[in-house]
1. Within the stretch 389-413, can you find the residues that are surrounded by 22 or more Cβ atoms within 10 Å (Cβ to Cβ) and assigned to a loop (DSSP other than H, G, I, E, B)?
2. State which residue is farthest from Ala328 (Cα to Cα) when the search covers only the stretch 456-475 and only residues that are in contact with a His (Cβ under 9 Å, 6 or more places away or on another chain) and not acidic (Asp, Glu).
3. Residues to consider are Ser33, Ser19; find the one that is of a type in the set (Ser, Thr, Tyr), more than 19 Å from Gly208 (Cα to Cα), part of a loop (DSSP other than H, G, I, E, B) and open to solvent by less than 50 Å² (accessible area, probe 1.4 Å).
4. Which condition does Ser10 not pass, out of (1) in contact with a helix residue (DSSP H, G or I) (Cβ under 9 Å, 6 or more places away or on another chain); (2) modelled with pLDDT under 95; (3) open to solvent by 20 Å² or more (accessible area, probe 1.4 Å), if it passes all the others?
5. Criterion first (over 29 Å from the mean Cα position of the chain (by Cα) and either in contact (Cβ under 8 Å) with a residue 12 or more places away in the chain or open to solvent by 10 Å² or more (accessible area, probe 1.4 Å) (or both)) does Lys76 satisfy it?
6. Looking at (1) open to solvent by 10 Å² or more (accessible area, probe 1.4 Å); (2) at pLDDT 95 or above; (3) closer than 13 Å to Ile278 by Cα, can you tell me which one Lys196 breaks?
7. When you go through Arg459, Arg440, Arg484 one by one, which is the residue that is in contact (Cβ under 8 Å) with a residue 40 or more places away in the chain, outside any helix (DSSP H, G or I) and either of a type outside the set (A, V, I, L, M, F, W, C) or touching a helix residue (DSSP H, G or I) at 6+ places or on another chain (Cβ under 6 Å) (or both)?
8. May I ask you to list the residues in the stretch 350-369 that are open to solvent by 50 Å² or more (accessible area, probe 1.4 Å) and either under 20 Å from Leu444 (Cβ atoms) or out of contact with any His (no Cβ under 8 Å at 6 or more places or on another chain) (or both)?
Amino acid sequence: MRTHRRKPDSSVAVIDIGSNSVRLVVYEALERSLVSIFNEKALCGLGREVQSTGLLAPDAIKKALTSLRRFHALCKVMKVSRVYAIATAACRDATNGADFIARAERICRVPVEVLSGSREAHLAALGVVSSVHKPNGIVGDLGGGSLELTDVRGHRVHRGVTLPLGSLALQDASKTSLKSAERIVKEELSAVAPLKSGEGRTFYAVGGTWRALARIHIIQSGYPLRVMHGYSIPAADALDFVRRLRRLAASHTLADIEAIADARQPLLTYAALVLEYIIRIAKPKTVTFSTYGVREGLLYSMLPAAERSGDGLICAAQTLNGLMSRSAPHADELIGWTDRLVRIVKLRETEDDRRLRHAACLLSDIGWRIHPDYRGEQTLNLIMNGNFADIDHQGRTFVALAVYYRYAGLNEANRPPPMVRDLLTPALDERARILGTAFRVAYLVSAARPGVLPATHFRSSGRKLKLVFEHRLVDLVADRVGGRFKQLARLVGRSGSIVLR
């Protein structure tokens, strides 16, 4: 495996001129697993009057152009290799949108693609496809000016629809009347084709205002993980939550929520209203929030087909392995070594279990530079809060705990926080303990050097599990190695012993 060394000119940026916010995101490179190295937004409100006046507001235009000047300067300072610029509903709907785009292009010095509603829906869906393992459901991208809905099944993206139900557009069209807004939402959503296929599946919520709803839910529920991407709520709970949020708005207590920016708070009610009716009409099983959307979908669409079909989680883990481990090739050998262990002890694995185990192998040595007393704690936090996708919160916790147990062991005094363990079923926690203990054996035997693990072999006879060392490794055998292997064998219901060949 090659180590990952970034070329100075590998970064890529997307300037996203939305109906509510104007944003610059700079990514380390155009690759399967995107890593943002800079992210800044300005809440300009370009679309706040488009429904009533047909125009982008003059003060919003001024604020947006000022932000674009800064973004262009930032791209120059950061020596960004490639810059892409897109604009969405407000700019395509406003009669002065073309003039604004011309001015924006002169500032940014790149073409600005004004996305059609269908292309915006497609790119938002691709953002979810790129960041959710085998998605199956309806992608809903709520911006300031529009709502896009698209059915996705794995890598298959159906044709989407766009509706004038963005938070700013709805606020404008209803003249801030929630009763009028509810009537508009009900009429617009009642006959939307993608929603008819949503029953029992997942609704993927994309967009900053829906992420704000998720942030409130995380805080109020005491959920231990603050990672927004992949945060899932049973649809029934989500429905209760958005209805409660609307009651808070009616009693004018919504402004007391400090976790949300002041400029976005007035839009929460409209976002909650749209989500409520989507749940009522589509009847999904789960609502899952995605931080990946149009921008990431745009870059994903530019990748070669072979890269698009790659596993985003494994790609991210390979990158971290190359950057942070002592020996990147050793992780590949560890994958093969644990493959053989699983096969010999007949540990049942699904396809997803296997990919999570492989990801854990790739991340198993990223904490080696940390002080020994804190390796478990720090790697747990790093993986739990890591900037990677294609993994849900339960999978993230499993990988993190497997590596935690590798460093901290299974001593009761070193148990991870209960709130973290509670994110897993007891069976998955036990599987993480087994894998972490296997890592402890492997690293004690190999000292993280390649070429050692392939010279050790598992043998099983009845309830006995043996670790066989080739003759050239005889001097690596010691009581400590035997003790750790016996602990591993006990976890899989066997007695363990070391054998020299």
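The values are calculated or read from the model by the stated rules, or taken from the named source; none is laboratory data. Predicted, not measured: the structure shown is a model, and the values here were computed from it. Counting neighbours? That spans all protein chains shown, and the Cβs are built from the backbone with ideal geometry, glycine included. Keep in mind that these areas ignore ligands, DNA and RNA; they rest on the heavy atoms of the full protein, side chains included. Shrake-Rupley method; radii C 1.70, N 1.55, O 1.52, S 1.80 Å.
1. Of everything in the stretch 389-413, those that are surrounded by 22 or more Cβ atoms within 10 Å (Cβ to Cβ) and assigned to a loop (DSSP other than H, G, I, E, B) turn out to be Ala389, Asp390, Ile391.
2. Lys466
3. Criteria check complete, one pass: Ser33.
4. (1) is the only condition that Ser10 fails.
5. Against the criterion (over 29 Å from the mean Cα position of the chain (by Cα) and either in contact (Cβ under 8 Å) with a residue 12 or more places away in the chain or open to solvent by 10 Å² or more (accessible area, probe 1.4 Å) (or both)), Lys76 does not qualify.
6. It fails just one condition, (2).
7. Of Arg459, Arg440, Arg484, the one residue that is in contact (Cβ under 8 Å) with a residue 40 or more places away in the chain, outside any helix (DSSP H, G or I) and either of a type outside the set (A, V, I, L, M, F, W, C) or touching a helix residue (DSSP H, G or I) at 6+ places or on another chain (Cβ under 6 Å) (or both) is Arg459.
8. Thr350, Glu351, Arg354, Trp368, Arg369 - these are the residues of the stretch 350-369 that are open to solvent by 50 Å² or more (accessible area, probe 1.4 Å) and either under 20 Å from Leu444 (Cβ atoms) or out of contact with any His (no Cβ under 8 Å at 6 or more places or on another chain) (or both).
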